Amino acid sequence: MKPNNRFSRQKNLTDFGSEGQNILQRSSVLIIGCGGLGSPVAMYLASAGVGRLGLVDPDRVDLSNLQRQIIFSEKDIRKEKVLVAQEKLMEMNSSAKVEAYLKKFSGDWALEIAKDFDLLIDCSDNFQTKYLLNDLALVLKKPFVQASVTGFEGRLMSYIPGKGPCFRCLYPNVPKTKIGNCQEEGVLGPTVGVIGSWQALESIKVLLNISGHDKFKILEDNLLAFDFLTNSQYSYQFPVRAECLCQMDSKKIPLGQDFESCDFKVDVECISWQESCLMPKVKYIDVREENELESGTIPGGIHWPLSCLLKNKFPDSIPTDSTLVVYCSKGIRSQQAVSLMKGKIDHVRIYSLLGGINAYSLRSIL
């Protein structure tokens, strides 16, 4: 096999060329999670010629994984994910160095592993790992590409040391509710496939830019959000939060802290649709974007999109004699909105609606 033939299609790109290929060959990435997101990320980066890949995942392949974790097949069931993925990636590109870590990403071990890679990529499905990866990126001054999928929704963002906000700027509080995993909420394979592919592309752009290529726009101050149910895509630009960890001296940032309470201590209280109906005076606030409203709203509510709150813009008139119940599509963005509103809106009880507009839509059959 001729190496020049393998990568000829991407080297022919005007803004990539041989320089871009050489950068990828010298680069190393650490991928946390070999599931629905990690599979396409690892496969595309290995195929693109990234020189060194680290894979971290403590789990074994299960039959239920095969619907979306495309790197595995039926013969891999009950085998360790990282070992199977390692073998298949090296079959795809024998020149790539692939390291497998069959261990939970946590503690001092995570720090020791992460410091030897150029880029950290979050393909995990739990908040503890996401916050730990963010904090490691701050301490080590490493770029960090983060993605997540919940149901039909996907999100993607990047952190570049010293150039923009981090994951904690966007999510100052660890949500009280856990991430809805695929078993509980369900997921279609192509949904994580699309987000994983975009995450791989973003990772390539980040690797090129931090190595001086500097020709690609990356998500260093934006969150890309996708709603595949309505074919909607939107971008949130959010600022650096003044009291965030990313504004501290990197040597003073604590690692391995209690992830149930972050540095910005504001509790986000959640409430069900049935509970909100029992309250005497309630005002509902819809924090979805304009193009999402056609799917339905709660009558009599206020529309104030999360993108405005992220820019520190708040409604001019908020009823002070009512309890506020904030909702989005599924109850994830609304928790973020509540954390932003608390401290800015005084003397009002604020809740996040569990299940979002979906809970309201299903009210007749609950």
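Where a number appears in this text, it was derived from the coordinates with a stated rule and is not lab data. Here the structure is a predicted model, which means the values were calculated and not measured. Note: ideal-geometry Cβ built from the backbone for every residue, glycine included; neighbour counts use all protein chains shown.
Net charge of the neighbourhood of Ala42, taken over other residues with C-beta under 15 Å away and scored Lys/Arg +1, Asp/Glu -1, is -4. Segment 75-136 and segment 320-339 have Cα centres lying 35 Å from one another. According to the Cα-based calculation, Rg over Rh for the chain is 0.99, with Rh computed by the Kirkwood formula.
Simple spin-label estimate for Lys97 and Lys217 gives 3.6 nm between the two label positions (7 Å along the Cα-to-Cβ direction from each Cα). Note on Lys344 and Lys141: their simple-model spin labels are 3.2 nm apart, each label 7 Å out from Cα toward Cβ.
For segment 281-329, GluC sites (Glu not before Pro) meeting the loop criterion (DSSP other than H, G, I, E, B) and having at most 11 other Cβ atoms within 10 Å: none. Here the calculated FRET efficiency for Glu74 and Asp321, from their Cβ-Cβ distance with R0 = 51 Å, stands at 0.25, rounded to the nearest 0.05.
Can you grab the distance from the C-alpha centre of segment 15-60 to the C-alpha centre of segment 203-222, Å, no decimals? Spelled out, the Cα-based centre of one part sits 15 Å from the other.
For segment 1-159, rounded, prolate or oblate, judged on the Cα gyration tensor with a ≥ b ≥ c (square roots of eigenvalues), a/c < 1.5 rounded, else prolate if a/b > b/c? Because a/c hits 1.5 or more and a/b fails to exceed b/c, segment 1-159 counts as oblate. How high is the FRET efficiency between Lys163 and Glu112 when r is their beta carbon distance and R₀ equals 22 Å, given to the nearest 0.05? That gives a FRET efficiency of 0.30. Mean residue ellipticity at 222 nm, helices only, the chain: -9000 deg cm²/dmol; runs of at least 4 DSSP H residues each add -39,500 (n - 2.57), and the sum is divided by the number of residues.
Rounded to the nearest 0.05, what FRET efficiency do Leu63 and Ser235 give with R0 = 45 Å and r taken as the Cβ-Cβ distance? Could you check?
0.75
Charged neighbours of Leu66, selected by a Cβ distance under 14 Å, balance to +3 (K, R count +1; D, E count -1). Extending 7 Å from the Cα toward the beta-carbon at both Gln274 and Asn12 defines two label points whose distance is 6.1 nm. Gain on full extension, evaluated as 0.36 nm per residue between Lys104 and Glu19 minus their Cα-Cα distance, stands at 27.0 nm. Each other residue within a Cβ distance under 14 Å of Gln25 adds +1 if Lys or Arg and -1 if Asp or Glu, for a net charge of +3.
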